[in-house]
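Structure first, commentary second.
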Amino acid sequence: MRASRFLIATLKETPSDAVVVSHQLMLRAGMTRKLASGLYNWLPLGLRVLRKVEAIVREEMDAAGAQEVLMPVVQPAELWQESGRWEQYGGELLRVKDRHTNDFCLGPTHEEVITDIIRSEINSYKQLPANFYQIQTKFRDETRPRFGVMRAREFLMKDAYSFHASFDSLQSTYDEMHQAYCNIFDRIGLDYRPVLADTGSIGGSASHEFHVLAASGEDDIAFSSESDYAANVELAEALAPVGERPAAGAAMAEVDTPDQRTIDEVAAFLQLDPSQTVKTLVVMGEANDEGEQKLVALILRGDHELNEIKAEKLPGVASPLAFAPEARIQAEFGAAPGSLGPVGVSEAIEVIVDRSAAVLADFCCGANKDGVHLTNVNWERDIALGRIEDLRNVQVNDPSPCGNGVIDIKRGIEVGHIFQLGTKYSEAMNATILDENGKQKPMVMGCYGIGVSRIVAAAIEQNHDDKGIIWPAAIAPFQVALIPINLHKSEAVAENCEALYAELTAAGIDVIYMDEPKARLGVMLADTDLMGIPHRVVVGDRGLEGGTVEYKNRREADKQDVSVDDIVSLLR
Ligand code: ATP
Ligand code: MG
Ligand code: MG
Ligand code: MG
């Protein structure tokens, strides 16, 4: 690629709205530009990286025997009504109407659509197992889009869905996908860990997330000092109705930063919109617990019309909160609306708010000493609740739940998530097969997601210095920056650069030839460093007199003179 024909859109200044380094560097290197909140344009440089990640993901999916499909972004509401998620999915689901006033949504995930395909295409156990994937745009109306493409509203995901005649078959595909994910992250060159994720009611080790370790990560991962045990501390949030935990593709609202939230921030988080009616408030937890009482007061604080308040007892929790109307709570705590101060002083509790307005999320909300934690849950009343593994208050040096070693906690960025769905969707949507005995039964399903666009940002979080990005070779937009000195003055430089450019290109090496005749050397060096190009070759008259060019690796400080004749084989 010639720089004269390529949009190099580097910025000197760090844009003030970018807080994490990957977001800053993606803007500064000219990879992306913000269109609107959570919506990003990919410029040519960024797209080259995205496509490289995509290619690796595709190769490993193909190698694992998955078949590529492509499903529409826009999905009919009927399918979501069939699965029950039209009502259950929260505000992340963007609902739209067409000109005939039919309801649609922008797909945040594709369980419904793939199940709809498969129920008409597959009807015998003999056609199973089968695994289908796509690499495609997803839309989630995130409460707080942030960190650039890391938490965008529109983003690129690889999502795969497997179908089986038995749970054993699901387990073996699940294990293959686990391995394929390791292959992908190994090839990209990331420092990552597979970690146990919330499995909800399904139990066992039926869900894993893949986390790239980075200080800017939004999740806490608990590691054992003496085994491979690693778990998302989010497991703490695993109080949810049986059979209704959010699937890998489902919405899990923010578990916010652990600093204390003020009431107004929590109210904003809960989207307590005065125009909405809160139909039923279910409070779970121990009575006389200050944190949950405060939360109740908080929820009641708004102008919400409350038809009913229920208290429920959780397994393992001594007694249900003695619920109280707003006046009583406020009297007990002497709290005037909006005056409760920071929320979150108590042990863990859960508050679930059910709303009559189906377009709003149901929230499961816990408060502990770190502040308020909110989780979006799918919700049915009459379903039992189960506690999975409580890591909520886990601390560094606590004994590991695996029995070996003590806990260390690190931050992680979730780049992948695999999940054993079981028959949740196949039952709801009547996706059945005939088994060996000619009996009709629901297919068993798994789903497997990778954040393709998030990986680009995560890779930068792990690979940068004060000059800019340092791409792992496998996903670099270009392998080599070819930089002339005084191109407009020296014929020898021009000739040698053209020859090298042709030779490197012929050898299948991606080169960016900085061929703008009057570009300043310092600017070209700074730009190609910022853009993270792994190898740099500088061609100048002085070197050429001795038959050499100057080579530098982006990761190393030293430069070396290399003979013009050897440079191509060195880079190959
Ligand atoms: P998070 O916990 O970060 O919100 P999630 O658990 O909601 O992610 P999944 O439903 O498991 O996400 O989707 C599969 C993958 O898609 C995630 O592992 C992540 O890499 C990616 N992903 C999810 N949400 C976003 C987003 N808003 N922007 C970019 N990538 C995302
Ligand atoms: Mg997930
Ligand atoms: Mg998650
Ligand atoms: Mg999410």
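The values are calculated or read from the model by the stated rules, or taken from the named source; none is laboratory data. The model shown is predicted, which means the values in this text are computed figures rather than measured ones. Cβ placement follows ideal geometry from the backbone for every residue including glycine, while neighbour counts extend to all protein chains displayed. The protein model used for the area step is the full one, side chains on, heavy atoms only, and it has no ligands, DNA or RNA in it. Shrake-Rupley method; radii C 1.70, N 1.55, O 1.52, S 1.80 Å.
At-a-glance table
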| read-out | value |
| --- | --- |
| Inter-residue pairs, beta-carbon under 9 Å, first within 16 Å of ligand 2 (Cβ to nearest atom) and of a type in the set (Phe, Trp, Tyr) and in region 404-428, second modelled with pLDDT of 90 or more and open to solvent by 20 Å² or more (accessible area, probe 1.4 Å), 6+ apart | Phe419/His208 |
| Output for region 59-79, where each listed residue is open to solvent by less than 70 Å² (accessible area, probe 1.4 Å) and either in contact with a strand residue (DSSP E or B) (Cβ under 9 Å, 6 or more places away or on another chain) or under 22 Å from Arg119 (Cα atoms) (or both) | Met61, Ala64, Gly65, Ala66, Val69, Met71, Val73, Gln75, Pro76, Ala77, Leu79 |
| Number of positions in region 538-549 that are in contact with a helix residue (DSSP H, G or I) (Cβ under 6 Å, 6 or more places away or on another chain) and within 23 Å of Ala476 (Cβ to Cβ) | 2 |
| Of the criteria (1) modelled with pLDDT under 80; (2) not in a loop (DSSP other than H, G, I, E, B), which one Glu414 fails | (1) |
| Unmet criterion (only one of (1) within 16 Å of ligand 2 (Cβ to nearest atom); (2) over 21 Å from the mean Cα position of the chain (by Cα)) for Asp466 | (1) |
| Region 94-112, residues that are of a type outside the set (D, E, K, R), open to solvent by less than 20 Å² (accessible area, probe 1.4 Å) and away from ligand 3 (no atom under 16 Å from the Cβ) | Cys105, Gly107, His110 |
| Matching helices (runs of 4 or more DSSP H) fully within region 451-565 where at least 1 residues are open to solvent by 40 Å² or more (accessible area, probe 1.4 Å) and of a type in the set (A, V, I, L, M) | 491-506, 521-530 |
| Tally of residues being out of contact with any Gly (no Cβ under 6 Å at 6 or more places or on another chain) and open to solvent by less than 20 Å² (accessible area, probe 1.4 Å) across region 30-53 | 6 |
